[in-house]
Amino acid sequence: MITKIYKIIFAICVMGSLTSCSDFLEIEPQNEIILEKFWNEKADVDAIIAGCYSGLQSEGAIKRMMVWGEFRSDNIGPGSNVSSDGSLEKILKENIDAKNSYTKWSDFYSVINRCNTVIKYAPGVAADDPAYTESELQANIAEMVAIRSLCYFYLIRAFRDVPFSREAFTDDDQEMDLPATKFNDVLDSLIYDLEGVQNYAVKRYPITKELYQTGRITQDAIRALLCELYLWKKDYQNCVRYADMVIDSKKAIYEENRQKRTTSSMSNDEDIERFNGFPLVSNSTSANYFGDAYTVLFGRDRNYTDLVNQEIIFQLVFSDNPEGEGMSANAAVNSFYGNSNSTVGLVAPSDYIYSQIEATGPERKVYADKNKKLDSRIYTNCLYRGSSGDKAINKYTTSTIDISVASGSPEASYGSKYSQNQNGSNWIIYRLTDIMLLKAEALAQMMREGTDSESSEYNKSLLDRAFTLVNAINKRSLCQTILNDTLRRSDYTTKGDMEALVLQERQRELMFEGKRWFDLVRLSQRNGNTQTLASAALQKATTGAGLIGNHLAKMDAIYWPYNLDEMKVNLNLIQNPAFSSGEDESYQKTTKK
């Protein structure tokens, strides 16, 4: 709960800088240590910053990134033993109320308060510690503003209006039951904050800090976040501007990789031509191997660090050897998506998604290739062995996937799933294809009304640019020796055509990455109705389709209810009217005096 988030000192214990939390807390009261004795040197600041990242990596935070961003969409259905998690089972049936445990937001507010605490106290440390330079201070503040903004961005996309504060809560006497701030006001605040700090952030970490390069906030990460924030704001010019900054930065990294290329594993110039000039990773090993570079992007082989930096912008880092490396495993993916002990996790690809793999011709609406199943994402997203075998999620659960077309048709070879409690898959927040598709969406929205020659020429240019972005990503996935585009520019001649294409490409490219429901919410906000969102959600409905359809016809229903526990302690919150309060007869909300 928000009333408890001032207790941020446990972040130090996470870092292992003390022998135990209990020994430390027995010495003196927490507030005295934090305010008077803790904030003395740069190492103290570093400890809390590390705690901010560990908070984002917590099982509760990652699970909510997955649940809020994906699980109500057409991508996800029930998996093995889902009834063991009653709250999750209800979400998959669109039967959500305020008692659902996944409506709790304390994981994010805890991180937000840690960030605010660093922003408040780090300047004093810099004044006292000559080893803590002004540039390091400004970079740390930029980093904290970015993580705080990312947390709030998750919250407003899920709940719409949320309590918002830049104040560090370090004392029980502070007023913490804040009313919810409107979605657009929070969005504007996040943009304002990030615009002010972006140039102070670290541009790129040195190669000696391998895990920092994509595992910590950089200028690229902040600009990727700004790109998406501006898209939600409907400021499409600025969305495109920040997307181009990120794309140009990745092109520069590709050029550096090209100049020092020493192995055949590096992307080559033919790959860049194949991908319309964008520096996407191919990881081709022979003329008969194609794919979406799954092993590079989602695997654990650190021989590919340069390639990872070429495409990944920001990710949360985990380990498949948590005891040996002293890092956390990805417990959320282990539970939700499966492991070597349970091939099918608590959730699985929905029956609709799996039917789309088997479908041919016009019935095949997700994957663009209608008949030959040449899209490698069919195999990397889901465990695909024809019409038989387990229907499981592959992405994030399998360290290596090879796809060969030597026999004339694609055949996938799957590495073993991560062992239970040893999932080492990094959770990707932003990667290059995501930003490219956000840019394509913005370009489509910039089209003008009218049929005069000037408007037609302007709109054609926008459609050409958007299609080039989408087609590059689609071509990267194709399993064929001689390139024959699956997508044809002539099929996309209107704003609606391109909008639908971008949404579809985002679904197949970013499937199971916590993006799909948020994409549908953004579309609903823009159109002022839930038609596309409700239609997508109903694709997986097996019972109660009428009730679900009526429920999702309401704009309020695409967001989540405030958790009942939060409603009890924060009397300023007004419940989302689309949901049951979850209250029982023993609880009656009273007016705040």
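Here are a few things to note about the model shown:
- Tallying residues that are at pLDDT below 95 and open to solvent by less than 50 Å² (accessible area, probe 1.4 Å) within the stretch 431-456 yields 2.
- Residues satisfying the stated conditions in the stretch 84-114, i.e. touching a residue at least 40 places away in the same chain (Cβ under 8 Å), among the aliphatic types (A, V, I, L, M) and within 21 Å of residue 567 (Cβ to Cβ): 96, 98, 112
- Within the stretch 42-98, the residues that satisfy the criterion of being closer than 23 Å to residue 348 by Cα and of a type in the set (A, V, I, L, M) are 61, 62, 65, 66, 67, 76, 82, 88, 91, 92, 96.
- Condition met for residue 153 (touching a Lys or Arg at 6+ places or on another chain (Cβ under 7 Å), surrounded by fewer than 21 Cβ atoms within 10 Å (Cβ to Cβ) and under 22 Å from residue 521 (Cα atoms)): no
- Output for the stretch 389-406, where each listed residue is at pLDDT below 90, under 26 Å from residue 321 (Cα atoms) and part of a loop (DSSP other than H, G, I, E, B): 399, 400
- Filter result for residue 568 (of a type in the set (Lys, Arg), open to solvent by 10 Å² or more (accessible area, probe 1.4 Å) and either closer than 17 Å to residue 75 by Cα or assigned to a loop (DSSP other than H, G, I, E, B) (or both)): no
- The residue that is farthest from residue 478 (Cα to Cα), among those in the stretch 415-424 that are touching a strand residue (DSSP E or B) at 6+ places or on another chain (Cβ under 9 Å) and buried (at least 19 other Cβ atoms within 10 Å of the Cβ), is 423.
- Single residue of the stretch 306-325 satisfying the filter (of a type in the set (Val, Ile, Thr) and not in a loop (DSSP other than H, G, I, E, B)) that is most open to solvent (accessible area, probe 1.4 Å): 308
- Residues that are free of Cβ contacts under 8 Å to residues at least 60 places away in the same chain, crowded, with 21+ Cβ neighbours inside 10 Å and not in a strand (DSSP E or B) do not occur anywhere in the stretch 407-414.
- Odd one out for residue 303, checked against (1) open to solvent by 30 Å² or more (accessible area, probe 1.4 Å); (2) polar (S, T, N, Q); (3) assigned to a helix (DSSP H, G or I); (4) modelled with pLDDT of 90 or more: (4)
- Single residue of the stretch 531-555 satisfying the filter (modelled with pLDDT under 95 and of a type in the set (Val, Ile, Thr)) that is surrounded by the fewest Cβ atoms within 10 Å (Cβ to Cβ): 543
- Filter pass, residue 328 being part of a loop (DSSP other than H, G, I, E, B) and modelled with pLDDT of 90 or more: yes
- Inside the stretch 531-548, residues that are over 18 Å from residue 517 (Cα atoms), small (Gly, Ala, Ser) and assigned to a loop (DSSP other than H, G, I, E, B) make up a count of 1.
- Enumeration of residues in the stretch 217-247 that are more than 24 Å from residue 499 (Cβ to Cβ), in contact with a strand residue (DSSP E or B) (Cβ under 8 Å, 6 or more places away or on another chain) and either open to solvent by 30 Å² or more (accessible area, probe 1.4 Å) or not hydroxyl-bearing (Ser, Thr, Tyr) (or both): 217, 220, 221
- Every residue from the stretch 127-140 that is open to solvent by less than 40 Å² (accessible area, probe 1.4 Å), touching a residue at least 40 places away in the same chain (Cβ under 8 Å) and of a type in the set (A, V, I, L, M): 139
- Here the stretch 351-369 is the region considered, the condition is being assigned to a helix (DSSP H, G or I) and among the aliphatic types (A, V, I, L, M), and the residue that is surrounded by the most Cβ atoms within 10 Å (Cβ to Cβ) is 353.
- Checked against (1) among the aromatic types (Phe, Trp, Tyr); (2) under 30 Å from residue 556 (Cβ atoms); (3) assigned to a loop (DSSP other than H, G, I, E, B); (4) at pLDDT 95 or above, residue 132 passes all but condition (2).
- Considering (1) part of a helix (DSSP H, G or I); (2) touching a residue at least 40 places away in the same chain (Cβ under 8 Å); (3) out of contact with any Cys (no Cβ under 9 Å at 6 or more places or on another chain); (4) open to solvent by 10 Å² or more (accessible area, probe 1.4 Å), the lone condition that residue 459 does not fulfil carries the number (2).
- Total residues in the stretch 283-300 satisfying the condition of being among the polar types (S, T, N, Q), modelled with pLDDT under 80 and either on the phi > 0 side of the Ramachandran plot or surrounded by 14 or more Cβ atoms within 10 Å (Cβ to Cβ) (or both): the figure is 4.
- Filter pass, residue 375 being among the charged types (D, E, K, R) and buried (at least 22 other Cβ atoms within 10 Å of the Cβ): yes
Let's see how each residue does on (1) assigned to a helix (DSSP H, G or I); (2) touching a helix residue (DSSP H, G or I) at 6+ places or on another chain (Cβ under 8 Å):
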{"residue": "136", "(1), (2)": "yes, yes"}
{"residue": "154", "(1), (2)": "yes, yes"}
{"residue": "168", "(1), (2)": "no, yes"}
{"residue": "174", "(1), (2)": "no, no"}
{"residue": "195", "(1), (2)": "yes, yes"}
{"residue": "210", "(1), (2)": "no, yes"}
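- Restricting the stretch 474-518 to residues that are of a type in the set (A, V, I, L, M, F, W, C) and in a helix (DSSP H, G or I) leaves a set whose member that is most open to solvent (accessible area, probe 1.4 Å) is 500.
- Any chance residue 334 is touching a residue at least 12 places away in the same chain (Cβ under 8 Å), closer than 15 Å to residue 514 by Cβ, open to solvent by 10 Å² or more (accessible area, probe 1.4 Å) and not β-branched (Val, Ile, Thr): no
- Among all positions in the stretch 180-187, there is no residue which is charged (D, E, K, R), in contact (Cβ under 8 Å) with a residue 24 or more places away in the chain and surrounded by fewer than 22 Cβ atoms within 10 Å (Cβ to Cβ).
- Restricting the stretch 160-176 to residues that are open to solvent by less than 30 Å² (accessible area, probe 1.4 Å) and over 20 Å from residue 559 (Cα atoms), the residue that is modelled with the highest pLDDT: 165
- Within the stretch 519-530, the residues that satisfy the criterion of being in a helix (DSSP H, G or I), surrounded by fewer than 22 Cβ atoms within 10 Å (Cβ to Cβ) and not basic (Lys, Arg) are 523, 524, 525, 527.
The values are calculated or read from the model by the stated rules, or taken from the named source; none is laboratory data. Since the structure is predicted, the reported quantities are computational estimates derived from the model, not experimental observations. Here Cβ is always computed from backbone atoms with ideal geometry, including for glycine, and neighbour counts include all displayed protein chains. Note: accessible area is taken over every heavy atom of the protein model, side chains too, but ligands, DNA and RNA are not part of it. Shrake-Rupley method; radii C 1.70, N 1.55, O 1.52, S 1.80 Å.
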